[in-house]
Amino acid sequence: DWGDFRNSLLHEIREINNRTDLLPGITLGYHIYDACSEVPMAVKVAFQFANGMEPFFNDTDSCSKSAAAAVPALVGDSTSTTSISMTRILGLFGIPQVSHFASCTCLSDKQQFPAFFRTIPSDHHQAAAIAKVVKYFGWTWIGAVHSDTDYGNFGMASFLKAAQEEGICVEYSESYYRTQPRSKLERVANVIRRSTARVIVTFLHEGEFRFLLDELTRQPPPPIQWIGNDAWLIDPEFLRFNMCAGAIGFGFPRSVIPGLREFLMDLSPAQALKSPLLTEFWESSFSCSLKGSSEGARECDGSEDIRALQNPYTDTSQLRATNLVYKATYAIAHAIHGVICNDTQCDKSAKFTPWQILNQLKRVNFTTKNGFQVSFDSSGDPMAVYDLINWQFKENGGLGFMTVGQYDPSKPRAFLSNIFQVPRSVCSESCPPGTRKAVQKGKPVCCYDCIPCAEGEISNKTDSLNCLRCPPEFWPNIHRDGCLPKPVEFLSWDDTLSIILTVFSIAGAFIAVCVAAVFYKHRTSPIVRANNSELSFLLLFSLTLCFLCSLTFIGQPSEWSCMLRHTVFGITFVLCISCVLMKTVVVLMAFRATLPGSNAMKWFGAPQQRLSVLTFTLIQVLICVIWLTTSPPLPFKNSKHYKERIILECGLGSAIGFWAVLGYIGFLALLCFIFAFLARKLPDNFNEAKFITFSMLIFCAVWVTFIPAYVSSPGKFTVAVEIFAILASSFGLFTCIFAPKCFIIMFRPEQNTKKHIMGKLPASFWIAYPYPH
């Protein structure tokens, strides 16, 4: 504000001239110009400063200067564009310029602007701070509006770069300057109204922002969160726009300038007449004329009391930009002091050039009375410290400034927030855990779809870019935001299927034991003696083991159970099939012995039968021993068949061993089937070969069907299929071979006689099956 600048400069000049420790005995004079934020006016003023042709003002007559001398230094200007124009001219003459409000990042370039200094931080810092605030509140989808000037263009460029680094997306970036056609302003306002971004970052001068707010007031957009720049955020004039309620941004730390209020309150009409500037202020404040200086206005009568004024002139509690003028003025004074003064006194007649002041400004380092450190870095910039300011409603209903935090790049810290109803402004809502972000084609990275994680993958944080695959023994939960251990599945004892199979297994073994008991009770009966009772008892024993061996397949697999289940199964079934095979062979040989000259039966007596069964069984035992020695079946966790659970099963170890055991059983069964088939029509009243044929047919059918079912059955059903095959084949053998005999023994005792059994059997048959006469 022009008035604040003028009053502050007058106060500092008077204070410096009265000090004895800074420029003692030296009186500073001054020129004060208003460039009106126009480049032509600023250029004109710069040339006047350079050639020294303009008069100067001071309140004493002690200042004198040559008409051709240039000013040694300059405070100002307030805007970046005019400051650029001035420093390009003044820099040619080495005249230093210390601005209090020109914050364009471009002015830090010492190759272009070697004589420029400032007490306001570069917009590079403000842009970075704004980007951090936007990121802090989670606003990733924003709009941007800036003045079409050096200040606005460079400031917005710095912000857009910082925003990109913070992952913030900009829906639009519009520029406007107050002299452009109204249609341009309307277009910018319509872009704001139609946009989906609810947060707008600005780098606007007061003039452009005022025009924009007036245009938006005509047709208000949805509620907007304004992120303001220092040019308008700390200007009380804009507090009348309730549309800006909640605005947040950065301003310079406020301070109290010692003696300023007393200086302002000490102004009298007589003192105001000494300076045209003060005369203008007095007359505008009290609407009167000092000694007829204003036509048509009443004359000031001396009753005006400046302490009764309630205007920005008398309010020194919110001094921000004024403090920057204070520091700039004192910086120049300290530079002059460093050129013409030593430790004790100053040389009033010393001649110096602006170049000397310029070089001394680079080394300035002091602390003001209100505690602010003043120095310049190699770019002519001060340390950057900002207050985080929020526009909040006061108790009286009006808007006011509230400092809610501080930003110091040298001391990173979290923003202290006391902000009400923080709005949301995102292009896409955050992707919850269990999903990942997929950028929408042709749109910024902040616009994305949330894609559920693929099977077997999770994301355990919000807005994940990628999903992570669970470890092999883990599987995602239902929300796919965490991995849980896969359930381990096996055919347990409490499973319904296991209970059913167990009942059938025990029932089969029990029935086999009962049949053995019946056979033992009727061991001297013709039907038992005629069917080789010794092999029949051995067969019943092996069938009992076959029924019981299925129980080893139930329960959690362990090393011993895996080895036991396959070997016991293989050995008991070979024992069973060996008994059946020998019964079949004996029947064939008995009838073959009826041929003249045949002595075949002497090779198939009881010792030979026992030895044959033992030999067949030992071969299977040998196969099992080799299998268990080389590569035994061991439990392993199968996670390939099912992705979501683990099948705990017995690995085959050596597949060759497994199929050798099954192959040997199949070979004996096929051999038995062939012999029984050949003997099925031999004449007798009770031809056992016929029932053996049916039993082997059932046995082979069961195990041929078992192979594809075993290979294709999933999980625990693989074991169930194997148990079912064991039980089915065992029941088939038991039913076909023993059921008819038991039926005759229990319900047809008249057929269980020597005469009935011997009716059509040759004598040689009784050599093989001795029957006492």
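The values are calculated or read from the model by the stated rules, or taken from the named source; none is laboratory data. Being a predicted model, the structure only gives us computed values, none of them experimental. Ideal geometry is used to build each Cβ from the backbone, glycine not excepted, and the neighbour counts take in all protein chains shown.
Could you name every one of the strands (runs of 3 or more DSSP E) located completely within region 413-528 that has at least 2 residues being crowded, with 20+ Cβ neighbours inside 10 Å and touching a strand residue (DSSP E or B) at 6+ places or on another chain (Cβ under 7 Å)?
Working: elements: 435-439, 448-452, 474-476, 483-485.
Fully inside region 413-528 and qualifying: 435-439, 474-476.
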Legend entry - Failed condition for Phe675, given (1) within 52 Å of the chain's Cα centre (by Cα); (2) at pLDDT below 80: (1)
Inset, instruction - Output the number of the condition that Lys369 fails; it satisfies all remaining conditions of (1) touching a strand residue (DSSP E or B) at 6+ places or on another chain (Cβ under 6 Å); (2) of a type in the set (Lys, Arg); (3) exposed (fewer than 15 other Cβ atoms within 10 Å of the Cβ). - result: (1)
Inset, instruction - Within region 77-98, work out how many residues are more than 16 Å from Met41 (Cβ to Cβ) and either modelled with pLDDT under 90 or surrounded by 24 or more Cβ atoms within 10 Å (Cβ to Cβ) (or both). - result: 3
Inset, instruction - Those residues that are among the aliphatic types (A, V, I, L, M), assigned to a helix (DSSP H, G or I) and surrounded by fewer than 17 Cβ atoms within 10 Å (Cβ to Cβ), I need them from region 234-278; list them, please. - result: Leu239, Met243, Met265, Ala270, Leu273
Inset, instruction - Give me a count of the residues in region 148-198 that are surrounded by fewer than 19 Cβ atoms within 10 Å (Cβ to Cβ), part of a helix (DSSP H, G or I) and in contact with a Pro (Cβ under 6 Å, 6 or more places away or on another chain). - result: 1
Legend entry - Residue satisfying all of: in region 239-280; under 30 Å from Met383 (Cα atoms) and basic (Lys, Arg); nearest to the chain's Cα centre (by Cα) among these: Arg254
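Do any strands (runs of 3 or more DSSP E) lying entirely in region 360-401 carry at least 3 residues that are out of contact with any helix residue (DSSP H, G or I) (no Cβ under 7 Å at 6 or more places or on another chain), and which ones are they?
On the way: elements: 365-367, 373-375, 386-393.
Those strands (runs of 3 or more DSSP E) span 386-393.
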Legend entry - Which listed residue, of Arg523, Arg480, is on the phi > 0 side of the Ramachandran plot and either without any contact (Cβ under 8 Å) to a residue 60 or more places away in the chain or touching a His at 6+ places or on another chain (Cβ under 9 Å) (or both): Arg480
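Being out of contact with any Lys or Arg (no Cβ under 8 Å at 6 or more places or on another chain) and in contact (Cβ under 8 Å) with a residue 40 or more places away in the chain narrows it down to one of Ala272, Ala231, so name that one. Break it down into steps so the answer makes sense when it comes.
Values: Ala272 fails: in contact (Cβ under 8 Å) with a residue 40 or more places away in the chain.
Exactly one of Ala272, Ala231 is out of contact with any Lys or Arg (no Cβ under 8 Å at 6 or more places or on another chain) and in contact (Cβ under 8 Å) with a residue 40 or more places away in the chain, namely Ala231.
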Inset, instruction - Collect the residues in region 5-25 that are surrounded by fewer than 20 Cβ atoms within 10 Å (Cβ to Cβ) and small (Gly, Ala, Ser), keeping them in residue-number order. - result: Gly25
Inset, instruction - Report whether or not Gly143 is in contact with a strand residue (DSSP E or B) (Cβ under 6 Å, 6 or more places away or on another chain) and either in a helix (DSSP H, G or I) or of a type in the set (Lys, Arg) (or both). - result: no
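Do you know which of the residues in region 717-773 that are more than 30 Å from Leu648 (Cβ to Cβ), part of a helix (DSSP H, G or I) and among the charged types (D, E, K, R) is modelled with the highest pLDDT?
We begin by selecting, within region 717-773, every residue more than 30 Å from Leu648 (Cβ to Cβ); these are 732-773.
Now drop any that are not part of a helix (DSSP H, G or I), which leaves 732-747, 749-751, 754-757, 763-768.
So of that shortlist, the ones also among the charged types (D, E, K, R) come out as 741, 750, 754-755.
Values: Lys741: 78, Glu750: 70, Lys754: 62, Lys755: 62.
Across region 717-773, the extreme among qualifying residues is Lys741.
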